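Notes follow once the structure below has been shown.
The values are calculated or read from the model by the stated rules, or taken from the named source; none is laboratory data. Everything numeric here is computed off the predicted structure, so don't read it as measured data. Backbone-built Cβ (ideal geometry, glycine too); neighbour counts: all protein chains shown.
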Amino acid sequence: MRKVQIITDSCSDLTPELMDRYHIDYAKMNTVYNGVTSPADLSWTADDVHKFYDIIRGGERITTTQVPLDEFNRVFRKYLDAGCDIVYVGCSLKQSGSVNTASVLAKDLMREYAGSTIHCIDSLRSCVCEGMLAIEASKYAEGGASADEVAQFVSEKRNKTRQFCTVHTLDYLKRAGRVKGSAAFFGNLLGVKPILVADADGEQAAFKKVKGRVPSFNEIVSLLKEHIVDGENQTVYLAHADCKPEEVEMLKDLIKREVPCKDIYVCYIGPIIGASVGPDAIAVFAFGDEQTFRVNEK
């Protein structure tokens, strides 16, 4: 049986350490700032993170692009040349066209590399939820599953990834056109903090609002506690957009007190997602019960 290589993209926000541990590669999207296009590299340092978010804090805008065709071609050929099949776990199609671009290329490459298999999966997710699916896919592949089996596994598991995020403001997401159901949240009420989830269709959705930063932390942990499944045997992920260290520790301690879990992994919200959510966003991620909420059915 051919080896299966798992590939994701810059939206997954996997750290280099996690990608190395689980033998995952990624295709890079781009950021655009002051007319300069740069690859969205996930191996950035704490100093890089702070500089990036300070640009946004200063009122300037960083935009993003999907994965370029040439980048997919480079990454896919790397593993096809090594005799691997590929499962690409991509950002939700509600937020990026990358999966469509990859799918078109995959058809051509499978004709060129006879006998190869490439699956391009819409994860219905972004940020660490997408990364979690890539990790689980890699584990499954390492256990001897075929590319077809891995693709089916990911498709069945994607709506069991749960995200609960709080942001200082929806302004950045609104400007980027990346959040649904936001109209009711724009009352300019002082101190109101939106709670965002990924809905069953892959939309980033404004789910509810909470008054105050600390209460918003309490709310996302409460939602995590309510929806996590088999927490004792899984890692809870905490990702943030250059938040203050004391805020990160506060949320981490709250998770430890309230949510039974194997461990907590802290990482940054990367440049693609960060350009949309803005600085000081913070989120928790885990596998849980199936997401059935749809913002269009509210």
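Annotations for the structure displayed:
- Enumeration of residues in the stretch 207-244 that are under 18 Å from Glu290 (Cα atoms), aliphatic (A, V, I, L, M), surrounded by 15 or more Cβ atoms within 10 Å (Cβ to Cβ) and over 16 Å from the mean Cα position of the chain (by Cα): Ile220, Val221, Leu223, Leu224, Ile228
Yes/no matrix, rows are residues, columns are (1) charged (D, E, K, R); (2) touching a residue at least 60 places away in the same chain (Cβ under 8 Å); (3) farther than 30 Å from Asn296 by Cβ; (4) in contact with a Ser or Thr (Cβ under 7 Å, 6 or more places away or on another chain):
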{"position": "Asn73", "(1), (2), (3), (4)": "no, no, yes, no"}
{"position": "Gly83", "(1), (2), (3), (4)": "no, yes, yes, no"}
{"position": "Val89", "(1), (2), (3), (4)": "no, yes, no, yes"}
{"position": "Ala102", "(1), (2), (3), (4)": "no, yes, no, no"}
{"position": "Leu105", "(1), (2), (3), (4)": "no, no, yes, no"}
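- Residue in the stretch 111-120 that is aliphatic (A, V, I, L, M) and modelled with pLDDT of 95 or more present: yes
- Across the stretch 10-42, the qualifying residues are those that are in a loop (DSSP other than H, G, I, E, B) and more than 15 Å from the chain's Cα centre (by Cα), and the one among them that is surrounded by the fewest Cβ atoms within 10 Å (Cβ to Cβ) is Gly35.
- Qualifying residue in the stretch 47-60 (condition: in a loop (DSSP other than H, G, I, E, B), surrounded by 13 or more Cβ atoms within 10 Å (Cβ to Cβ) and either in contact (Cβ under 8 Å) with a residue 24 or more places away in the chain or in contact with a strand residue (DSSP E or B) (Cβ under 7 Å, 6 or more places away or on another chain) (or both)): no
- Test: residue in the stretch 257-267 that is more than 21 Å from Tyr53 (Cα to Cα), assigned to a helix (DSSP H, G or I) and at pLDDT 95 or above: yes
- Among (1) part of a loop (DSSP other than H, G, I, E, B); (2) more than 27 Å from Cys267 (Cα to Cα); (3) not β-branched (Val, Ile, Thr), the one test that Lys78 misses: (1)
- Against the criterion of being aromatic (Phe, Trp, Tyr) and either part of a loop (DSSP other than H, G, I, E, B) or not assigned by TED's automatic domain parsing to the domain that holds Thr166 (or both), Phe293 qualifies.
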